[in-house]
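Note sheet for the following structure.
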Amino acid sequence: MFILHKLLLEWVHCSAVLCCYLCVWPIYTLISCSCQDGKDHSCGLLEWVGEPVTFRRAETIAGKYGVWMKDPQPVPPYTRETTWRVDTVGTDVRQVFEYDSAEQFEKGHPSKVHVLARPMESTGAVVYRGALYFQRHKSRTLVKYDLQAEAVAVQKELPSAGYHGQFPYSWGGYTDIDLAVDEVGLWAIYSTALARGAIMLSKLDPETLEVERTWETNIRKQSVANAFMICGSLYTVSSYSSPEATVNYIYRTSTGTSAPLSLRFENRYGYSSMVDYNPAERKLFAWDNFNMVAYDVKLSGV
């Protein structure tokens, strides 16, 4: 018998977008979005990934791997155009480059450089609601860093999560904990010893970093090159290097089931170390062998 624990309508403001979610706790289903920007922000399943468009190339060897981000729900003084970038090669990754505009980003002229008190681990960081979320180096601790205050707001261990090479993606790089943002909110993609390397997926409270709910999938984390979230579903990428890679699995949190996929995903430069979804732009952002690229996507029914 299905028991309704909690039913509510949650209106989520994301810049010029107003989205309505039906929450039958702890499952979130996107109902609709009314948008002042004239774009369609309703949800669906991934049907297609476009060709990569290159925005810039890293200047030094430290930029072979990295992460670049925009905030899908920015808070002042930040906008949807503000961009952040981290070059992640090395053991002391502390610098976070901030760009006020797309032009600054493409020219490589940061408006600010944040220096973290403690280094971050790998390419799993995201920016969400004015904060940088990342995994602390050699630790299962997650950190929320307030970008405007330039200070750590919250630190919290992700219970039992593998770290520093225990359960990375197939390309390595200490990618044990990968954070993601979609229409539903903030997620952690990881594994544990108890799960024996299967991908675990936890919905996180962005204010406290508390785990709201966890799903265990049947997808081996080290068998896939990367993963991202769209509309509450997990998608994985088959290869970090093949130009003929695919988005090869979906795991739906709404049903607790997975299924194989075969959607083309081009690794144009031969080494994709980061793939993340931006729900405001409806694009995948990726870091491919020094190059910062983005892919258009198409969702079913949208």
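Since every read-out is calculated from the coordinates, none of them should be taken as a lab result. Here the structure is a predicted model, which means the values were calculated and not measured. Note that each Cβ is placed from the backbone with ideal geometry, even for glycine, and that neighbours are counted across all protein chains shown.
Observations, loosely collected:
- His114, His109, His137 arranged by Cβ crowding within 10 Å, fewest neighbours leading: His109, His114, His137
- Neighbour counts of C-beta atoms inside 10 Å place Tyr65, Tyr295, Tyr128 in the sequence Tyr295, Tyr128, Tyr65, starting with the fewest.
- Here the extension length gained between Val113 and Glu59 equals 17.8 nm, from 0.36 nm per residue of separation less the Cα-Cα distance.
- Lysines with Cα under 26 Å of Lys107, excluding same-chain neighbours fewer than 8 positions away: Lys64, Lys70, Lys283
- Packing-based ranking, highest mean first, of 202-210, 244-252 given that Cβ atoms within 10 Å are counted: 244-252, 202-210
- q = 0.14, 0.21, 0.24 Å⁻¹: log10 I(q)/I(0) that the Debye formula gives for the stretch 42-136, counting C-alpha atoms only: -0.56, -1.15, -1.35
- Of all aspartates and glutamates in the structure, the ones whose alpha carbon falls short of 18 Å from that of Lys138, not counting any fewer than 8 places away in one chain, are Asp87, Asp92, Glu121, Glu157, Asp176, Asp178.
- Those aspartates and glutamates that a straight Cα-Cα span of less than 12 Å connects to Lys156, excepting residues fewer than 8 apart in one chain: Asp205, Glu207, Glu210
- In this calculation the C-beta distance from Asp92 to Glu212 is compared with R0 = 30 Å, giving a FRET efficiency of 0.40.
- Dipole magnitude (debye, nearest 20) for the chain, charges at Cβ of Lys, Arg, Asp, Glu: 560
- Remark on the chain: Rg and Dmax equal 17.8, 58 Å (Cα only).
- Rg over Rh, two decimals, the stretch 206-298 (C-alpha only, Kirkwood Rh): 0.98
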